[in-house]
Structure formats: structure tokens, C-alpha cells
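What follows is a set of notes on a single structure, which appears directly below.
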Number of protein chains: 2
Amino acid sequence: MSSKLTRLIDVAKLAKVSTATVSRVINNSGYVSAEVKERVLKAIEELGYQPAKAARFLAKSRQNFKISIVADDWVLKSITTALDEFYSIVYKGIIDFSKNHRMSIELQDISSWDRGVDGFLLMGGGITKELVKEIKDTGKPVVLVDQYIPGLKVDCVVSDGYDGAVFAVDKLISKGLKRIVHIHGPLSHFGFRDRYDGYVATMERHGFMPRTYEFDEISDNMGVIIDMMLRNYGKPEAIFGSNDTAAIRAMDELKIRGYSIPEDVSIVGFDDIMSASLITPKLTTLKIFKYDLGSIAARRLFNLLMGEETHPIKISLFTQYIERESTI
Amino acid sequence: MSSKLTRLIDVAKLAKVSTATVSRVINNSGYVSAEVKERVLKAIEELGYQPAKAARFLAKSRQNFKISIVADDWVLKSITTALDEFYSIVYKGIIDFSKNHRMSIELQDISSWDRGVDGFLLMGGGITKELVKEIKDTGKPVVLVDQYIPGLKVDCVVSDGYDGAVFAVDKLISKGLKRIVHIHGPLSHFGFRDRYDGYVATMERHGFMPRTYEFDEISDNMGVIIDMMLRNYGKPEAIFGSNDTAAIRAMDELKIRGYSIPEDVSIVGFDDIMSASLITPKLTTLKIFKYDLGSIAARRLFNLLMGEETHPIKISLFTQYIERESTI
């Protein structure tokens with residue numbers, strides 16, 4: 001092994017590939033042909049390159065890390081106006097951790113991010129697969145926040161929808177309810193898919209029939225969905241919504257049709273948005289820990305910058321079941 | 001807020017509950033009645049108790065942490081004989097991290113664990129819900145390793161079966177294969193359920209029909225399953241096994257029946273056990289990073305001991321697709 005600090009660029013030169021390719025080989029992320037991989041690994045061996053050590057050395061010799069939060073317009077607005085109840089709290093978690101760990105934060109729009117920083121936090125559902133690949137190619141550490149893209153193998157921090165759904169459905173069943181309907185957002189979003197899978201697995205485990213309706217809050221009318229459900233399936237004993245918005249709208253439509261909540265139908269949401277505890281009856285829901293989402297993502301990025309435990313991971317925060325008035 | 005260091009036990013005394021109950025309230029884990037919770041929170045406020053600060057203070061004033069790895073007989077034997085290709089490598093990851101972080105490790109059997117340590121790593125599929133609850137009640141940090149129990153909300157580190165399954169099925173489909181069968185272990189094990197969900201979601205996303213067969217390696221005969229599949233479903237273009245053992249046995253039975261691998265049927269496994277690269281043809285599979293599983297679990301326990309980011313999380317390590325000879 002060479003004793004001087006070999007750089008990524010030396011490895012790239014010797015292997016006749018880009019630094020992004022070397023980074024892909026080191027991080028085991030993205031496609032690299034077997035032949036190119038072999039060449040990179042040989043170069044690493046020949047030069048005695050030690051990525052973790054190099055990163056740590058770099059990290060410890062620095063006074064400060066410059067971090068960029070990249071997000072779409074809507075998320076950025078949520079952060080800066082602090083009116084939103086979700087991303088502004090996640091942001092607070094990031095900021096508080098960063099203050100204590102020599103990281104300075106800047107905000108960048110997805111359409112105009114620049115590479116002059118040490119690491120990236122990519123935040124929210126607006127982060128696409130293409131954008132992640134592009135930013136990963138800089139070779140700098142990347143952590144997705146409140147977003148996960150299956151099969152990409154990029155570090156991410158999300159809330160655990162599967163676990164929350166299992167907990168909520170088990171809870172309803174423990175009260176003797178069997179006819180539990182799930183109203184969910186588009187399954188192309190992993191967050192909704194995850195909750196859906198947890199609901200279906202739990203119903204099956206108890207021997208009950210899963211019954212699901214899709215509701216896209218941008219284009220669908222909840223009244224139409226509730227009428228369809230009542231006509232084809234009958235009155236459910238409980239409705240589990242894949243977010244609070246869907247649960248609250250379902251509750252409204254049932255109340256309009258003369259049903260009492262929770263006597264006739266129990267309702268459970270997901271997220272714990274502010275209105276969940278302001279409406280009547282107050283909504284039972286699964287609380288997402290937004291502040292912790294931010295601080296845990298910031299710590300993960302910090303670990304990566306320090307070259308510690310760099311194997312890519314997905315971190316899922318458990319939710320908490322908050323029992324209010326919309327369930328028996 | 002009181003300036004002196006208030007202890008958990010002071011809070012418990014004032015609230016007239018056990019320290020385990022105080023710990024449950026602080027960690028938001030396990031059942032606590034609303035009335036008791038209220039009392040504990042009041043006591044915490046009154047005494048100015050700061051659990052994170054207390055833990056950090058304690059941590060920094062200590063020379064060494066004593067950690068116990070609790071596992072069943074089979075896992076402990078795997079570790080101590082170092083013959084096993086899985087848990088002995090996970091253990092190596094734990095040991096290497098511990099050496100650099102003032103943690104000493106001892107091994108304990110699930111039937112005779114003792115509370116005289118600072119934290120616990122509970123390892124393997126033999127860890128039950130009841131055991132986790134019992135050990136959590138000591139109020140000490142706990143991390144499950146290679147085990148996750150839905151709904152319990154206890155820190156855990158596992159490999160990401162869902163993501164691996166999505167990646168593998170996408171890969172097979174990208175080669176023009178459509179009739180992909182999944183042979184899976186018992187779905188009561190979360191590890192198998194997770195891979196199953198990833199397979200089903202990916203087939204559905206592409207508009208293909210999922211087709212699954214359950215195979216319990218302890219009691220089922222793979223020959224019988226393969227005959228049933230050939231009779232009822234016909235020849236598949238690919239088989240995705242939920243572990244390497246299932247994939248290898250399916251491959252053997254197909255070869256006995258005159259099929260060529262991968263020309264007639266492509267085969268993909270999960271785990272990357274040693275025999276996967278020794279058989280003919282060599283098995284394409286999803287590699288689990290066993291060493292990293294151990295070191296990441298040890299770091300998580302260390303963070304908890306230091307009172308850092310204590311909100312309970314599930315950490316899933318992404319797998320890597322290793323393309324060998326059993327796939328076209």
C-alpha cells in the first residue's frame with residue numbers, strides 16, 4: 001500500500017475512466033460493466049487507494065462542510081415561509097444538527113443545483129431518479145430525505161409506512177373490527193405503496209379480505225369514492241386512509257351521509273398534520289416524526305462525509321399511533 | 001429546569017411508577033395508559049429531567065461500555081465456530097467497530113441473558129417479540145440485528161429485501177423475460193415477506209401476472225413444487241428464489257427434468273452464500289453485506305448509548321445484484 005494520500009482522480013486516470021465511474025465502483029451504486037469494474041479495482045489496488053481513509057483525512061482537515069439541500073419549488077417555499085407543517089420542521093432538524101457539526105446549509109432548486117458543495121440532501125417527492133443519478137455522478141455523498149427510489153441503492157431517510165400500517169390495522173382488529181377498508185394515494189409513490197403493503201399483509205395474516213380504493217387528492221372526488229364503496233361493498237367498520245387528508249375527506253363524506261364517527265365507522269389517518277387534532281371528532285392517526293427525519297438525515301450525511309459506514313442504507317423512522325376520537 | 005443531573009429513578013419515584021415505565025414513555029415504545037403517561041411527563045417537567053443529556057453525560061464519563069449480543073443457540077454456535085458464512089461475518093463487523101469505540105462484547109444465550117450490561121444487540125431470527133419486550137423493559141438501549149418485528153418500534157438493522165427484489169425483477173424484465181415465478185419461504189418471516197412484496201409490486205408495475213409458490217426448506221420437497229409448477233403454470237422463463245438455497249434446489253430439479261440453465265430458465269437467488277459461486281452454473285444472486293450489517297448495528301447502538309438521535313429507526317442495507325451464469 002502506498003503511504004501518501006492517493007486521490008480519486010489518480011485512480012480514474014490509471015483506470016482510464018471518469019471519477020464518477022470510480023465512485024460508482026467504490027459505492028457499489030449504478031451500473032458499471034464487469035470489465036471496467038475489474039480495471040478500476042486493479043487501479044485501486046495498485047495505487048493503494050483507501051476511499052474511507054481519504055474521506056476521513058479530508059474531513060478532519062476541514063473546518064466546515066458546505067451542504068446543499070436540493071428540492072423542488074414547492075418544498076423550498078414550504079421551508080422558507082415556514083407555513084407548511086411538514087418540510088419546515090424537517091428543515092429545523094437538519095439545521096439544529098448542522099450547527100453542532102460544522103456543516104453550513106444552503107438551499108438549491110432542482111433546476112439549478114450546483115456542484116460546489118461537499119454533500120447533498122435531496123428532499124421530498126419531487127426528487128426524480130434522473131436527478132439522483134446526475135447528482136450521484138459528482139461522486140459526492142448524497143442522502144434522500146422523505147424520498148426513496150426502489151432499486152437505486154442511494155442512502156435515504158423516510159418514515160416507515162409499512163410498520164405504521166401494520167400497527168394501525170392490528171389495533172383496529174384488536175377492537176373486534178373486521179371490515180376495514182384502505183383508501184390510498186397513487187401506488188406509484190413508494191410512501192403509499194409501503195402503507196398499502198402493510199395493510200394487505202396484516203389483513204391477510206388475520207384471515208380478513210383486504211378492500212382498497214385509490215384516491216388521488218389532486219384529481220379525485222372523495223364523495224364519488226364513498227358512494228361507490230357503500231354501493232358495492234357496503235358500510236365498512238373502519239377506514240384506514242393512507243394520509244390524513246384522505247382520512248378527513250372520507251370522514252366528511254360519511255358524516256354528510258348520516259353516519260356517526262366513530263360509532264358507525266372508525267377512521268384512522270397517517271401523518272398527523274395540524275388539522276388532525278383540530279377537527280371534530282379529532283382524528284386518530286400515525287404520527288411522523290418530522291424533526292427527527294431531518295436530524296437523522298443530517299447525521300447520515302455527516303457519517304458519509306467522514307467516511308464512516310459508507311455502505312448505502314435506507315433509514316426508516318417508526319411512526320407513533322396517536323389515539324384520538326375518530327376510533328372506537 | 002434543574003441544573004443538577006436528575007436520574008431516571010427520581011422521575012420514577014415522583015411519578016410512582018417503575019423505571020421501565022418511565023423509559024417506555026421517554027422512548028414512546030410499548031403501552032402506557034394516558035393517565036400514567038401524563039404523570040410521568042409531569043414528573044419529568046417538574047424535575048427538569050433531560051434523558052438525552054443524561055445519557056450523554058453518563059456516556060462521556062465512562063471509560064467503556066459493556067455490550068451483550070443475545071442470540072439463540074444456533075446463531076451463537078455459528079459465531080463461535082466461525083464455520084457459518086453469515087453470522088460469523090456479522091459478528092466480525094460488530095467486533096471491529098467495538099474495538100474503536102470503547103465497547104466490550106459478551107455473548108449471551110436467549111435463555112440466560114442478564115441485565116448487567118449497558119446495551120443489547122439481539123441477533124437473528126430466533127429473537128421473539130416477547131424476548132424483545134422483556135429486554136426493552138430494562139430501559140437500556142436495544143438494537144435488533146438481522147431481525148425486524150413489525151409494529152414493535154424497536155431499533156433494528158436488516159438487509160433490504162424489498163429493494164433487492166425490485167432490482168432483480170426489473171433486471172430480468174429488461175432482458176425481455178415476462179413469465180417470472182417467485183419461490184419463497186414462509187411469509188410469516190418478515191425477510192421473505194419483504195422480498196415477496198417487492199416481487200409482486202414490480203410484476204404489477206410492468207403489467208405482468210405474479211405467480212408464487214411457497215417452499216419451506218425444512219419440510220417441503222422442491223421436486224414436488226417444480227412438478228406442480230410445470231403442470232399448472234407451464235415452463236417459466238425465470239425463477240426468483242427468496243434465498244439461494246431455494247434457487248439452487250429449483251435449479252437442480254429443473255436440470256434433472258432436462259432443462260438447461262440459463263437457456264431454458266434463468267435463475268436468481270438471494271443472500272450470496274458461499275455455494276452460490278461454487279455450483280455449475282454459478283448462481284446470479286443478491287448479495288447481503290454481512291460485515292456492514294454488524295458494523296452499522298454496532299454504530300447504531302453506540303449512538304443510542306450516547307443519547308444521539310434516539311427516535312427508533314429501522315436501518316435497511318441495500319443489497320447488490322451479482323450477475324453470474326444462471327441468468328441470460
**Q.** Only listed residue being assigned to a helix (DSSP H, G or I), under 27 Å from the mean Cα position of the chain (by Cα) and charged (D, E, K, R), chosen from A:ARG249, A:ARG324
**A.** A:ARG249
Q.
Looking only at residues that are within 8 Å of another protein chain (Cβ to nearest Cβ) and out of contact with any Asp or Glu (no Cβ under 9 Å at 6 or more places or on another chain) in region B:270-322, which one is surrounded by the most Cβ atoms within 10 Å (Cβ to Cβ)?
A. B:PHE289
Q. Hey, any hits in region A:255-262 for a residue that's among the basic types (Lys, Arg) and more than 14 Å from chain B (Cβ to nearest Cβ)?
A. yes
Q: Give just the number: which of (1) at pLDDT 95 or above; (2) of a type in the set (A, V, I, L, M); (3) over 17 Å from the mean Cα position of the chain (by Cα); (4) not assigned by TED's automatic domain parsing to the domain that holds A:ILE69 does A:ALA165 not satisfy?
A: (3)
Q | Single unsatisfied condition, A:CYS156 versus (1) crowded, with 24+ Cβ neighbours inside 10 Å; (2) hydrophobic (A, V, I, L, M, F, W, C); (3) free of Cβ contacts under 8 Å to residues at least 60 places away in the same chain | A | (3)
Q.
Quick check on my filter: what residues within region B:219-231 are at pLDDT 95 or above and exposed (fewer than 11 other Cβ atoms within 10 Å of the Cβ)?
A. B:ARG231
(Q) Being closer than 19 Å to A:THR319 by Cβ and modelled with pLDDT under 95: is that true of A:ALA201 here? (A) yes
Q.
Would you confirm whether or not region A:123-144 contains a residue that is surrounded by fewer than 13 Cβ atoms within 10 Å (Cβ to Cβ) and modelled with pLDDT under 90?
A. no
Q. Do we have any residue at all in region A:161-177 that's out of contact with any helix residue (DSSP H, G or I) (no Cβ under 6 Å at 6 or more places or on another chain), buried (at least 23 other Cβ atoms within 10 Å of the Cβ) and of a type outside the set (A, V, I, L, M, F, W, C)?
A. yes
(Q) Tell me whether region A:89-98 contains one or more residues that are in contact with a Gly (Cβ under 6 Å, 6 or more places away or on another chain), more than 30 Å from B:ASP197 (Cα to Cα) and β-branched (Val, Ile, Thr). (A) yes
**Q.** Filter result (more than 17 Å from the chain's Cα centre (by Cα) and touching a residue at least 60 places away in the same chain (Cβ under 8 Å)) within region A:96-125
**A.** A:ASP96, A:PHE97, A:SER98, A:HIS101, A:MET103, A:ASP118, A:GLY119
(Q) Among the residues of region A:247-260, are any buried (at least 20 other Cβ atoms within 10 Å of the Cβ), among the basic types (Lys, Arg) and within 23 Å of B:ASP197 (Cα to Cα)? (A) no
Q. Condition test on A:ALA82, is it surrounded by 14 or more Cβ atoms within 10 Å (Cβ to Cβ), aliphatic (A, V, I, L, M) and modelled with pLDDT under 85?
A. no
Q | Answer residue from region B:25-79, given it is farther than 29 Å from B:LYS129 by Cβ and outside any helix (DSSP H, G or I) and is modelled with the highest pLDDT among those | A | B:ASN64
Q: Tell me, yes or no, whether region A:211-221 has at least one residue that is among the aromatic types (Phe, Trp, Tyr) and within 20 Å of B:LYS153 (Cα to Cα).
A: no
Q.
touching a residue at least 60 places away in the same chain (Cβ under 8 Å), more than 17 Å from B:TYR162 (Cα to Cα) and acidic (Asp, Glu): is that true of B:GLU263 in this structure?
A. yes
Q: Given the conditions (1) at positive phi; (2) outside the structural domain of A:GLU309 (by TED's automatic domain parsing), report the number of the one that A:HIS189 does not fulfil.
A: (1)
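The values are calculated or read from the model by the stated rules, or taken from the named source; none is laboratory data. As the structure is a computational prediction, the values presented were derived from the model and not from experiment. Neighbour counts are summed over all protein chains in view; Cβ atoms, including those assigned to glycine, are modelled from backbone coordinates with ideal geometry.
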